[in-house]
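Notes follow once the structure below has been shown.
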C-alpha cells in the first residue's frame with residue numbers, strides 16, 4: 001500500500017511518537033537540543049574569534065567547554081568581559 005503522507009507529515013508523526021514514549025524521550029530531546037545550542041555557541045565563538053577582554057581567541061573545544069559551563073552554572077557569567085563574548089554566552 002502506497003503512503004500519500006508528505007515528508008513533513010512523516011517527521012511530525014515520528015516526533016509525536018517519540019514524545020509519547022514518556023519522560024525519557026523528553027529528556028533525550030532536551031539533551032539533543034541543548035548540545036546543538038552549545039555547539040552552535042562554540043562555533044560562533046570560534047568563527048568570530050570573540051573572547052573576553054585581554055584573552056586570546058578560543059578554539060572550538062575550549063569555546064564548547066566555556067558555553068557548556070555557562071549553561072550548567074549561570075554564576076560563571078559574573079566575571080565575563082567583552083560584549084561580543086557576553087552576547088554569545090547568553
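Brief remarks on what is shown
- Helix axis angle, 7-19 relative to the chain longest principal axis, alpha carbon, degrees: 80
- The C-alpha atoms of the chain define a longest principal axis, and helix 23-48 lies at about 40 degrees to it.
- Column: log10 I(q)/I(0), Debye, Cα scatterers of the chain, q = 0.14, 0.23, 0.24 Å⁻¹: -0.63, -1.05, -1.11
- Contour excess over end-to-end distance, with Cα ends at residue 6 and residue 36 and 0.36 nm allotted per residue: 8.2 nm
- A straight chain from residue 17 to residue 55 at 0.36 nm per residue would run longer than the Cα-Cα distance by 9.0 nm.
- Contact order for the stretch 3-65, expressed relative to its length and based on alpha carbon pairs under 8 Å spaced 6+ residues apart, stands at 23 percent.
- Pairwise FRET efficiency - residue 25 versus residue 62, Cβ, R0 = 35 Å, nearest 0.05: 0.65
- Axis angle, to the nearest 10 degrees, between helix 60-72 and the longest C-alpha principal axis of the chain: 80 degrees.
Every number here is computed from the coordinates shown, using simple stated rules; none is lab data. Being a predicted model, the structure only gives us computed values, none of them experimental. Using ideal geometry, Cβ is built from the backbone for each residue, glycine included, and neighbour counts are taken over all protein chains shown.
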